[in-house]
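What follows is a set of notes on a single structure, which appears directly below.
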Amino acid sequence: MYEMKIDLRVLDHLGIKLYSNAAAVLSEAVANAWDADANNVSVDINSTSIVIEDDGVGMNLQSINKRFLFVGYDKRKTEGSKSASGRDFMGRKGIGKLSLFSIADHVEIHTNSGHDPHAFSMDVSDIEVAISNDAVYKPKPIPFNGPAKGTRIVLTSLKKRGSGQTLAALRKRVARRFSVIGYETALGDSFNVKIGGALITPSDREDLQNIEFIWQFGDNNIKISSFPKIRKSIPLSGEVSESNPGWRVRGWLGTAVKPRDLKTVDSGAINGIIVVARGRLIQENILDKLSFHMILGNYVTGQIEADFLDIDSEPDIATSDRQRVIEDDPRYIALLAFLRRSLISIADEWADMRNEARGKEVQAEIPALKNWIDKLPTGQQTAARSMLGLIQGVELEDDSDRRSLYKAGVIAFERLRLQEASTQLGNLRELTAAKIMPLLIDMSSLEGSLYRDIVAERLEIIKTFTNLVDENEKENLLRDYLFSHMWLLDPGWERATESPRMEQTLKKEYREFASDLTDEQSKGRVDIRYRTNAQQHILVELKRAKRVLSIWELAEQGSKYRDTLEKCLRLQNGVDYTPNISVVFVVGREITGGDAERVAKTLATFNGRVVYYEQLIQSARSAYSLFLDSSDKANSIDNLLKTLSL
């Protein structure tokens, strides 16, 4: 004879250890109250007990024994798919009542169908004894202390998981698990749930409280006027599969202003999409299953009502705790594909709306940016607002860095405008002042602003030199900076370029440029470099700071340098080539053998000149400071950049 026995571990798996939190357990009790046609459910919690009461149809003795105490009772198979008042049943597996034991060791049931009150208690320890002895477990009758009609459940001997959340947190978490709480049902009645005396309402849905844009599937079932942060609602088709017309969804997807808005203390992380079937949660977060990696995924939350996942004629798709579904079911696979398509389809629209909204916020925050946008051509203003909005939406640890990003964004935007202006200038078919002048003004305006930034940066470098007192420190700093910043010698040499090949030739073929000379041979040289700027050939020798040189030594060296470089250039370009060569000596000490005028005249014979360390620094600072002073009345872009730098 064959026989099957149920081990105590089944009770553990289906009840005591199946549910991980109080919100999930309370959801089972709320679902049972819905199925019992209750209009009101209350949950009262203190340190020693949890009391759940509803005003539903209650239970008589037959209902208690053949339905409630029958673990695995299939309500829909026996009673149909709807309650007496026409509600779609939420329950299906008949094991939800075991969830009570996951948060309490002692459970009392007080139930009244209107004229036949009953009350009994159940203890986990007594159930364990009965199962271990292969006996039928019989709950203990107790005095009735329940409602005139409905059911009261009293939980005592609470476990830690039953009291680990605040009442506010439980209200918010239970609110997200049902689509019927706080709303008028399709039958015209209402289903109200109170926790700790406070009614759960749509305002407890922190996901709805924190969204900015919402996309609604099917009927517009969310009244956006109740949620002031929502800027816009966009309708979407709820058709999941063309080949299965009955597979349709309702519900919504929403986006928050910032990802951190979807991380709340009470509701936990709400950056996810829950799936509801028959009014209650069936998938806790389907977003994790979508393999969706676009930036939109960090901002999205939502609720999808997919009743086709829980059809009586189809196999039960829910797992035992009704918080997840069987993932290889064709219905679930179709829903995944549908939601992924939906997210992809709204990604660009969301980015545009978000950037536009953030752009408006920036303009209100920084009036100078609004003035800049207002002066742009009408066709470019939307793009500029979007650019600023994109920057405003960037998550930064230090929000003070955002102004630097705005500044970089304005410069980048104006660079693109400059390129466009250049293209327009090149494409002009008719050269008239009226057409050319606006383009040239735009170009010079931007160039002036950009150059002002360059000058300001260069003055910072010059300031570094100015603060140095020691001659050797100045020599070391010049060695590191001078040859890569030729504008220190002459603002016109800012685009001077290297010629490694020419330098190698000079050092290899001509002793004067060798790098292995003795100190005496090099006359105290730090380095010598060759540069070109347009058609000008430049030789710059940096002398040691403490080296004292005579006018005759410099004249001899300078003439050799010029003659050697000229010879090398003619070998490359032909004997008729007449190069424009400049020789510059950068020295630390005053030249002996004559005054400044005589030194200048002597070196001019080979187009040479002397620049002293201090003279170099002072002249550069004077030239660039003069530019900044003269640009104080600069254009609006320049003023904007200065404002953003404050």
- Only residues that are of a type in the set (S, T, N, Q) and under 27 Å from the mean Cα position of the chain (by Cα): list them for the stretch 188-224, please. S203, Q209, N210, Q216
- Query: What's the number of the condition W487 fails, among (1) surrounded by 15 or more Cβ atoms within 10 Å (Cβ to Cβ); (2) modelled with pLDDT under 70?
  - Reply: (2)
- Name the residues in the stretch 181-203 that are at pLDDT 75 or above and either surrounded by fewer than 21 Cβ atoms within 10 Å (Cβ to Cβ) or out of contact with any helix residue (DSSP H, G or I) (no Cβ under 7 Å at 6 or more places or on another chain) (or both), would you? S190, N192, K194, G196, G197, A198, L199, T201, P202, S203
- Query: Of the residues in the stretch 58-67, how many are part of a loop (DSSP other than H, G, I, E, B) and under 23 Å from A24 (Cα atoms)?
  - Reply: 1
- Members of the stretch 245-299 that are of a type in the set (A, V, I, L, M) and not in a strand (DSSP E or B): V249, V257, L262, V265, I270, I286, L287, L290, M294, I295, L296
- Name the one entry in V526, V599, V548, V540 that is touching a strand residue (DSSP E or B) at 6+ places or on another chain (Cβ under 7 Å), at pLDDT below 85, aliphatic (A, V, I, L, M) and in the same structural domain as D490 (by TED's automatic domain parsing). V526
- Item | Number of the exception - N285 against (1) in contact with a Lys or Arg (Cβ under 7 Å, 6 or more places away or on another chain); (2) of a type in the set (S, T, N, Q); (3) within 30 Å of E397 (Cα to Cα); (4) at pLDDT 85 or above | (1)
- Given (1) surrounded by 16 or more Cβ atoms within 10 Å (Cβ to Cβ); (2) at pLDDT 80 or above; (3) within 45 Å of the chain's Cα centre (by Cα); (4) of a type in the set (G, A, S), number of the condition A168 does not satisfy: (1)
- Query: Taking the stretch 361-398 only, how many residues are outside any helix (DSSP H, G or I), under 25 Å from the mean Cα position of the chain (by Cα) and surrounded by 14 or more Cβ atoms within 10 Å (Cβ to Cβ)?
  - Reply: 2
- Look at A24 and say whether it is buried (at least 19 other Cβ atoms within 10 Å of the Cβ) and closer than 24 Å to D116 by Cβ. no
- Go through the stretch 116-160 and give me each residue that's surrounded by fewer than 18 Cβ atoms within 10 Å (Cβ to Cβ), among the aliphatic types (A, V, I, L, M) and either in contact with a Pro (Cβ under 7 Å, 6 or more places away or on another chain) or free of Cβ contacts under 8 Å to residues at least 12 places away in the same chain (or both). V129, A130, A135, V136
- Name the residues in the stretch 58-103 that are of a type in the set (G, A, S) and either surrounded by fewer than 17 Cβ atoms within 10 Å (Cβ to Cβ) or within 42 Å of the chain's Cα centre (by Cα) (or both), would you? G72, G80, S81, A84, S85, G86, G91, G96, S99, S102
- Message: Criterion first (modelled with pLDDT under 70, β-branched (V, I, T) and surrounded by 13 or more Cβ atoms within 10 Å (Cβ to Cβ)) does V410 satisfy it?
- Response: no
- Select from the stretch 343-355 the residues that are surrounded by 15 or more Cβ atoms within 10 Å (Cβ to Cβ) and of a type in the set (D, E, K, R) and list them in ascending order. R354
- Task: Quick one: which residue in I304, I344, I333 is under 27 Å from Q283 (Cα atoms) and not in a helix (DSSP H, G or I)?
- Result: I304
- Task: Quick one: in the stretch 314-353, of everything that is closer than 30 Å to L26 by Cβ and among the hydroxyl-bearing types (S, T, Y), which residue is modelled with the lowest pLDDT?
- Result: S320
- Item | Cross-chain or 6+ apart pairs with Cβ under 6 Å, the stretch 478-494 first and over 13 Å from N533 (Cα atoms), then in a helix (DSSP H, G or I) and of a type in the set (G, A, S) | L488/A620
- Among the residues of the stretch 141-158, how many are of a type in the set (D, E, K, R) and under 12 Å from V107 (Cβ atoms)? 1
- Query: Of the residues that make up the stretch 143-155, is at least one modelled with pLDDT under 85, basic (K, R) and out of contact with any His (no Cβ under 8 Å at 6 or more places or on another chain)?
  - Reply: no
- Filter the stretch 553-577 for residues that are hydrophobic (A, V, I, L, M, F, W, C) and surrounded by 13 or more Cβ atoms within 10 Å (Cβ to Cβ) and give the result. L554, A555, L565, C568, L569
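The values are calculated or read from the model by the stated rules, or taken from the named source; none is laboratory data. Just so it is clear, the structure is predicted and the values come from calculations on it, not from any experiment. Methodologically, a virtual Cβ is constructed for each residue, glycine included, from the backbone with ideal geometry; neighbour enumeration extends over all protein chains shown.
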